[in-house]
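Novice: To start, I am sharing the structure in question, which I have written as structure tokens.
The values are calculated or read from the model by the stated rules, or taken from the named source; none is laboratory data. All values derive from a computational prediction rather than experimental measurement. As a convention, Cβ positions derive from the backbone with ideal geometry for all residues, glycine included, and neighbour counts pool all protein chains shown. Just so you know, the surface numbers come from the protein's heavy atoms only, side chains and all, with ligands and any DNA or RNA stripped out. Shrake-Rupley method; radii C 1.70, N 1.55, O 1.52, S 1.80 Å.
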Amino acid sequence: MSITSSNSEIVQKLWNLCDVLRDDGINYSDYVTELVLLLFIKMVHENTEAGLLNKHTLPTGCRWTDLNDKDGLNLLDDYKRILLTLSTGKDSEGNTLHADPLILAIYADAQTRLREPRHLKQLIKSLDSIDWFSAQKDGLGDLYEGLLEKNANETKSGAGQYFTPRALIDSMVRVINPQAGEVIQDPAAGTAGFLIAADSYIKAQTDDLYDLTDKQKEFQKNHAFVGVELVPSTRRLALMNCLLHGMEGDDEGVVHLGNSLGQVGMSLPKADIILANPPFGTSKGGDASITRDDLTYPTSNKQLAFLQHIYRNLKPGSRAAVVLPDNVLFEAGVGTDVRRDLMNKCNLHTILRLPTGIFYAAGVKTNVLFFTKGSEADKHQEENCTTNTWVYDLRTNMPNFGKRTPFGEQHLTPFEAVCCVPLAERKEGEWSFNAEEVEVESAEVNQDIDPRLAKSRWRVFSREFIRDTKSDSLDISWLKDANSVDAADLGTPEELAGEAMAELKGALADLEALMKSLGAEVQG
């Protein structure tokens with residue numbers, strides 16, 4: 001899912017408006033919330049003008065036309081009044097103006113931090129100057145999605161700290177292959193990236209839902225997608241995102257406010273598909289703490305708790321794709337218990353080892369686990385469901401990804417080519433690794449992945465090997481890092497000590513010469 005060039009230009013223009021607000025003390029992360037509160041009113045106006053989004057219209061007095069013809073303090077005061085009305089449903093005298101639960105959820109506790117009326121006026125003028133016809137044609141939802149991605153790319157904090165790259169989201173969705181009629185969940189929804197991508201995938205398969213009956217269309221719009229998000233401001237972004245993509249959900253919207261590791265998670269219905277990138281870290285108390293008492297293996301590790309929630313919340317025969325850090329693959333104690341339980345209750349058929357640098361927390365090493373509840377033969381099986389686990393190593397001998405070397409769809413294409421082969425047709429011999437066949441001279445070689453190297457990255461491991469040889473650790477690698485040094489080539493300890501001594505003597509001689517040139521007396 002990518003935005004068009006015209007939408008990219010609009011995203012950049014919207015992002016540049018942040019410069020207008022710096023004098024008001026508004027930083028990048030606050031700016032996105034500030035902008036979307038106003039942008040949503042504008043988008044509802046544009047959708048209404050185009051005959052779309054008729055169900056969630058804004059009440060009289062709270063529309064774009066009530067703002068764009070005002071100036072000065074009247075403008076700022078009216079905008080504050082509009083936000084109060086949208087967040088409460090009532091006017092200043094307590095009269096009910098609207099009771100739309102989704103609008104109430106989107107604008108819950110909404111306030112502006114703008115202090116200068118001229119800044120608000122400038123924002124309104126800038127939004128009015130945008131070619132909304134082109135934006136409408138390309139999709140306002142995709143425009144909004146581009147703005148969220150821009151925020152994550154630029155701020156490197158808050159929601160962007162672990163922002164899931166769009167290419168990775170789309171790849172996971174293609175591998176999972178969601179179908180119309182399935183219930184798709186994300187227990188750590190963020191700005192709803194996974195849910196939006198799954199919806200876009202299904203729409204592409206069904207001619208924008210045209211191939212479905214009216215009943216099926218209603219299900220897709222209101223019941224197919226469910227998310228949970230802990231942070232109210234992030235949930236606000238998610239609700240707007242979903243609504244602008246035509247996903248309405250129930251009375252609380254597609255994304256519910258709450259903690260999946262608390263009561264909200266316990267009350268979620270079973271899902272056909274779960275796609276997620278749970279937050280990293282441990283339970284520290286507060287709203288994000290793990291308060292569930294129904295997990296088989298109590299833990300303060302959020303990822304292990306989320307993993308338990310996910311495989312327990314799947315229907316028999318249903319499937320999941322989850323981004324998890326390396327420690328989940330090898331942590332002992334409860335970690336071993338959870339992995340063993342996962343492989344008993346689910347067919348953990350694929351692990352994708354992701355390269356470093358694609359998430360904004362430096363040094364974070366992550367993986368995607370793909371699994372199905374039950375075995376291929378018996379979807380209700382709860383013991384020994386995993387017989388083989390295929391691992392794709394997209395980490396070893398890969399470039400250092402970042403702004404200069406962006407991680408993109410082309411890096412995931414070889415993985416999808418082998419992963420999307422049905423499990424029964426995956427052949428070990430075809431993808432066996434022969435170290436002599438592939439030589440990589442440096443980590444920079446073949447950024448788009450040479451087919452021979454891609455072939456060597458794909459290997460299968462039996463459940464017996466994982467249990468008996470790895471002690472149920474899933475931290476499995478076999479490729480040699482081209483930049484690593486073989487210990488056998490280092491020389492004897494005496495030779496290494498001699499080389500170190502020679503380097504030290506040379507450094508001391510250079511230092512003495514420097515001090516003499518500065519006129520300093522060398523002591524001792």
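Conditions tested, residue by residue: (1) open to solvent by 10 Å² or more (accessible area, probe 1.4 Å); (2) under 30 Å from Gly317 (Cα atoms); (3) at pLDDT below 85.
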site	(1), (2), (3)
Gln111	yes, no, no
Gln136	yes, no, yes
Gly139	yes, no, yes
Gly158	yes, no, yes
Asn177	yes, yes, no
Val183	yes, yes, no
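Novice: Can you confirm whether region 317-340 contains a residue that is within 25 Å of Phe415 (Cα to Cα), small (Gly, Ala, Ser) and surrounded by fewer than 18 Cβ atoms within 10 Å (Cβ to Cβ)? Reasoning before the result, please.
Specialist: If we filter region 317-340 for residues that are within 25 Å of Phe415 (Cα to Cα), which is where we start, we get 317-330, 339.
The next check asks that each one be small (Gly, Ala, Ser); those that pass are 317-318, 320-321.
Of the ones still in play, those that are also surrounded by fewer than 18 Cβ atoms within 10 Å (Cβ to Cβ) are 317.
Yes, there is a match, as at least one residue in region 317-340 is within 25 Å of Phe415 (Cα to Cα), small (Gly, Ala, Ser) and surrounded by fewer than 18 Cβ atoms within 10 Å (Cβ to Cβ).
Novice: Within region 354-364, which residues are open to solvent by 20 Å² or more (accessible area, probe 1.4 Å) and in contact with a helix residue (DSSP H, G or I) (Cβ under 9 Å, 6 or more places away or on another chain)?
Specialist: Tyr360
Novice: Under 6 Å between Cβ atoms, which residue pairs at least 6 apart in sequence (or on different chains) link something in region 103-126 that is in contact (Cβ under 8 Å) with a residue 24 or more places away in the chain and closer than 17 Å to Arg63 by Cβ with a partner that is open to solvent by less than 70 Å² (accessible area, probe 1.4 Å) and among the small types (Gly, Ala, Ser)?
Specialist: Tyr107/Ser87; Ala110/Ser87
Novice: Of everything in region 203-230, what is in contact (Cβ under 8 Å) with a residue 40 or more places away in the chain and aliphatic (A, V, I, L, M)? Give them in sequence order.
Specialist: Taking region 203-230 and keeping what is in contact (Cβ under 8 Å) with a residue 40 or more places away in the chain, we get 220, 223-230.
Matches in region 203-230: Ala224, Val226, Val228, Leu230.
Novice: Right, next: When you scan region 359-369, how many residues do you find that are at pLDDT 85 or above and among the aliphatic types (A, V, I, L, M)?
Specialist: Let us first name the residues in region 359-369 that are at pLDDT 85 or above, namely 365-369.
Checking the rest, the ones that are also among the aliphatic types (A, V, I, L, M) come to 368-369.
Residues meeting the conditions: 2.
Novice: May I pose another question? Search region 220-276 for residues being open to solvent by less than 10 Å² (accessible area, probe 1.4 Å) and among the polar types (S, T, N, Q), and hand back the single one that is nearest to Phe371 (Cα to Cα).
Specialist: Top of the filtered list is Ser260.
Novice: Residue by residue through region 68-93, note down the ones that are open to solvent by less than 40 Å² (accessible area, probe 1.4 Å) and over 35 Å from the mean Cα position of the chain (by Cα).
Specialist: Pass one, region 68-93, residues open to solvent by less than 40 Å² (accessible area, probe 1.4 Å): 72, 75-76, 78-79, 82-83, 85-87, 89.
Result: Gly72, Leu75, Leu76, Asp78.
Novice: Which residues, taken from region 295-316, are of a type in the set (Val, Ile, Thr) and open to solvent by 20 Å² or more (accessible area, probe 1.4 Å)? Lay out the reasoning, then the answer.
Specialist: At the first step, the residues of region 295-316 found to be of a type in the set (Val, Ile, Thr) are 296, 299, 310.
Across region 295-316, the qualifying residues are Thr296, Thr299.
Novice: If a residue has to be closer than 15 Å to Val322 by Cβ and not in a helix (DSSP H, G or I) to count, how many in region 183-229 make the cut?
Specialist: Of the residues in region 183-229, 9 are closer than 15 Å to Val322 by Cβ and not in a helix (DSSP H, G or I).
Novice: State all residues of region 480-524 that are part of a loop (DSSP other than H, G, I, E, B), among the small types (Gly, Ala, Ser) and at pLDDT below 70; if no residue qualifies, say none.
Specialist: We begin by selecting, within region 480-524, every residue part of a loop (DSSP other than H, G, I, E, B); these are 480-486, 490-492, 518-524.
Still in the running and among the small types (Gly, Ala, Ser): 482, 484, 491, 519-520, 524.
Once the filter is applied, which keeps residues that are part of a loop (DSSP other than H, G, I, E, B), among the small types (Gly, Ala, Ser) and at pLDDT below 70, region 480-524 yields Ser484, Gly491, Gly519, Ala520, Gly524.
Novice: Criterion first (open to solvent by less than 10 Å² (accessible area, probe 1.4 Å) and not aliphatic (A, V, I, L, M)) does Phe371 satisfy it?
Specialist: Values: open to solvent by less than 10 Å² (accessible area, probe 1.4 Å): yes; not aliphatic (A, V, I, L, M): yes.
Yes, satisfied.
Novice: Then there is this: Just to be sure before I move on: is Thr413 within 30 Å of Asp170 (Cβ to Cβ), assigned to a loop (DSSP other than H, G, I, E, B), modelled with pLDDT of 80 or more and not aliphatic (A, V, I, L, M) in the structure I sent? Can you show your working first?
Specialist: Details: within 30 Å of Asp170 (Cβ to Cβ): yes; assigned to a loop (DSSP other than H, G, I, E, B): no; modelled with pLDDT of 80 or more: yes; not aliphatic (A, V, I, L, M): yes.
Criteria not met by Thr413.
Novice: Of all residues in region 44-74, which are on the phi > 0 side of the Ramachandran plot and free of Cβ contacts under 8 Å to residues at least 12 places away in the same chain? Lay out the reasoning, then the answer.
Specialist: Residues of region 44-74 that are on the phi > 0 side of the Ramachandran plot, as a first pass: 51, 53, 61, 72.
Within region 44-74, just Gly51 meets the criteria.
Novice: In a loop (DSSP other than H, G, I, E, B), open to solvent by 20 Å² or more (accessible area, probe 1.4 Å) and of a type in the set (Asp, Glu) - does that describe any residue in region 49-60? Before the answer, list the steps.
Specialist: Step one: filter region 49-60 for residues in a loop (DSSP other than H, G, I, E, B), giving 50-60.
Okay, now just the ones that are also open to solvent by 20 Å² or more (accessible area, probe 1.4 Å), so 50-55, 57, 60.
Now narrow it down to the ones that are of a type in the set (Asp, Glu): none.
The answer is no; no qualifying residue exists.
Novice: Next question, about the same structure. Can you find even one residue in region 375-382 that is at pLDDT below 95 and open to solvent by less than 30 Å² (accessible area, probe 1.4 Å)? Break it down into steps so the answer makes sense when it comes.
Specialist: Initially, region 375-382 is screened for residues at pLDDT below 95, giving 375-382.
When the remaining residues are screened for being open to solvent by less than 30 Å² (accessible area, probe 1.4 Å), the result is 375.
Yes, some residue in region 375-382 is at pLDDT below 95 and open to solvent by less than 30 Å² (accessible area, probe 1.4 Å).
Novice: Is there any pair with a first residue in region 130-151 that is on the phi > 0 side of the Ramachandran plot and a second that is modelled with pLDDT of 70 or more whose Cβ atoms are under 9 Å apart and which are 6 or more apart or on different chains, and what are they?
Specialist: Gly139/Glu145; Gly139/Leu244; Gly139/His245
Novice: Checking Leu97 against (1) at pLDDT below 90; (2) exposed (fewer than 15 other Cβ atoms within 10 Å of the Cβ), only one condition comes out false. Which one?
Specialist: If we test Leu97 against (1) at pLDDT below 90; (2) exposed (fewer than 15 other Cβ atoms within 10 Å of the Cβ), just (2) comes out false.
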